[in-house]
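Peer 1: One structure follows; several queries about it will come next.
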Amino acid sequence: MKIDWKRKLTSRKLWVAIAGFVAGLIVLGNGTQETADKISGSILSGAAVVGYIVGEGLTDAANKKDGDE
């Protein structure tokens, strides 16, 4: 079974789950809620960038298949 990494990396659910997991680890390790919030926000911001880059790449690839340069 092949994993569709493009779809996985653009999944908002995946990034929210990762951010929640990391925030939980920070709080568990006696970090502050403020630190957990900042890091979670950074992860979600990074996810938005990854989603944009992958989406643009897919759009460019689709346009190139159509013969446009």
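Peer 1: Would a scan of region 23-44 turn up a residue that is loosely packed, with under 11 Cβ neighbours inside 10 Å, at pLDDT 85 or above and either among the small types (G, A, S) or in contact with a strand residue (DSSP E or B) (Cβ under 7 Å, 6 or more places away or on another chain) (or both)?
Peer 2: yes
Peer 1: Kindly indicate whether any position in region 46-64 is of a type in the set (K, R) and either open to solvent by less than 80 Å² (accessible area, probe 1.4 Å) or modelled with pLDDT under 90 (or both). Before the answer, list the steps.
Peer 2: Quick first cut of region 46-64, residues of a type in the set (K, R) only: 64.
After this cut, where a residue has to be either open to solvent by less than 80 Å² (accessible area, probe 1.4 Å) or modelled with pLDDT under 90 (or both) as well, the list is 64.
Within region 46-64 (the criterion being of a type in the set (K, R) and either open to solvent by less than 80 Å² (accessible area, probe 1.4 Å) or modelled with pLDDT under 90 (or both)), the answer is yes, since at least one residue qualifies.
Peer 1: Now a separate question. So, in region 3-22, of the ones that are of a type in the set (D, E, K, R) and modelled with pLDDT under 85, which residue ends up most open to solvent (accessible area, probe 1.4 Å)?
Peer 2: For region 3-22, the residue satisfying everything is R12.
Peer 1: Another question about this same structure. List the pairs whose first member sits in region 1-21 and is closer than 15 Å to V54 by Cβ and of a type in the set (A, V, I, L, M, F, W, C), whose second member is open to solvent by 60 Å² or more (accessible area, probe 1.4 Å) and not in a loop (DSSP other than H, G, I, E, B), and whose Cβ atoms are under 9 Å apart, counting only residues at least 6 apart or on separate chains?
Peer 2: The qualifying pairs are L14/K8; W15/L9; W15/L44; W15/A48.
The values are calculated or read from the model by the stated rules, or taken from the named source; none is laboratory data. Keep in mind that this is a model prediction, so the values were computed, not measured. All Cβ positions, glycine included, derive from the backbone under ideal geometry; neighbour counts span all protein chains shown. When the accessible area is computed, the model is the full protein with side chains, heavy atoms only, and any ligands, DNA or RNA have been set aside. Shrake-Rupley method; radii C 1.70, N 1.55, O 1.52, S 1.80 Å.
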